[in-house]
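Q: Quick one: the structure is below, questions incoming.
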Amino acid sequence: MECQLSSQRSLEHLLPPILLAGYQISDIFIGTKDSKEFCLLLPSGKFYYYDCMIPEYKLIIEFNSNTWHPDPKRLQENFDSWKAPRGNIDAQSKYEYDCLKIKSAIDLGYQVLVIWEEDGIEFNHETILHLLQSNKSI
């Protein structure tokens with residue numbers, strides 16, 4: 001399979017707290033030039049790519065922006081007007097796909113943290129770092 005690269009924005013939200021927690025790029029799956037996104041193959045033969053996975057905790061971190069991921073809580077009355085930058089997927093179908101992707105990982109025993117670009121870099125860094133530190137203390 002071809003290596004999937006994360007956007008620069010997603011790396012800004014994901015990578016700093018992971019590195020601060022003491023991980024190296026080689027310890028994780030993340031969409032950089034030196035590494036790749038994590039791919040889960042389901043028993044059905046379907047596969048999903050995830051932005052980041054930390055094998056030590058079977059922890060998947062997904063970065064979402066409203067550009068590529070409709071959020072009913074944020075979009076509220078504008079939910080149905082959301083359009084993907086590429087492709088013809090509507091908001092409801094994309095939202096259901098994202099939910100199924102997360103559920104599939106959980107069903108296979110992974111923890112999943114979804115962070116939103118709109119929450120801000122500082123909040124996302126604190127959230128990721130807190131989760132990593134909490135896992136280390138278990």
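The values are calculated or read from the model by the stated rules, or taken from the named source; none is laboratory data. This structure is a prediction, so every number in the text was calculated from the model and none was measured. All Cβ positions, glycine included, derive from the backbone under ideal geometry; neighbour counts span all protein chains shown. The area values use the complete protein model at the heavy-atom level, side chains included, leaving out ligands, DNA and RNA. Shrake-Rupley method; radii C 1.70, N 1.55, O 1.52, S 1.80 Å.
Q: For residue 43, only one of the following conditions fails: (1) within 16 Å of the chain's Cα centre (by Cα); (2) within 20 Å of residue 99 (Cα to Cα). What is its number?
A: Of the numbered conditions (1) within 16 Å of the chain's Cα centre (by Cα); (2) within 20 Å of residue 99 (Cα to Cα), the odd one out for residue 43 is (1).
Q: Now for a different question. Search region 1-53 for residues being part of a loop (DSSP other than H, G, I, E, B) and polar (S, T, N, Q), and hand back the single one that is modelled with the highest pLDDT.
A: If we take residues in region 1-53 being part of a loop (DSSP other than H, G, I, E, B) and polar (S, T, N, Q), then 24 is modelled with the highest pLDDT.
Q: Return the residue satisfying two criteria in turn: it lies in region 18-38 and is open to solvent by 40 Å² or more (accessible area, probe 1.4 Å) and not aliphatic (A, V, I, L, M), and of such residues it is nearest to residue 103 (Cα to Cα).
A: Top of the filtered list is 29.
Q: Related question: Quick check on my filter: what residues within region 88-108 are open to solvent by 50 Å² or more (accessible area, probe 1.4 Å) and in contact with a Lys or Arg (Cβ under 9 Å, 6 or more places away or on another chain)?
A: If the condition is that a residue be open to solvent by 50 Å² or more (accessible area, probe 1.4 Å) and in contact with a Lys or Arg (Cβ under 9 Å, 6 or more places away or on another chain), then 89, 90, 108 are the ones that fit.
Q: Out of 100, 113, I need the residue that is outside any loop (DSSP other than H, G, I, E, B), within 15 Å of the chain's Cα centre (by Cα), under 21 Å from residue 19 (Cβ atoms) and of a type in the set (A, V, I, L, M, F, W, C). Which one?
A: Answer to the check: 113.
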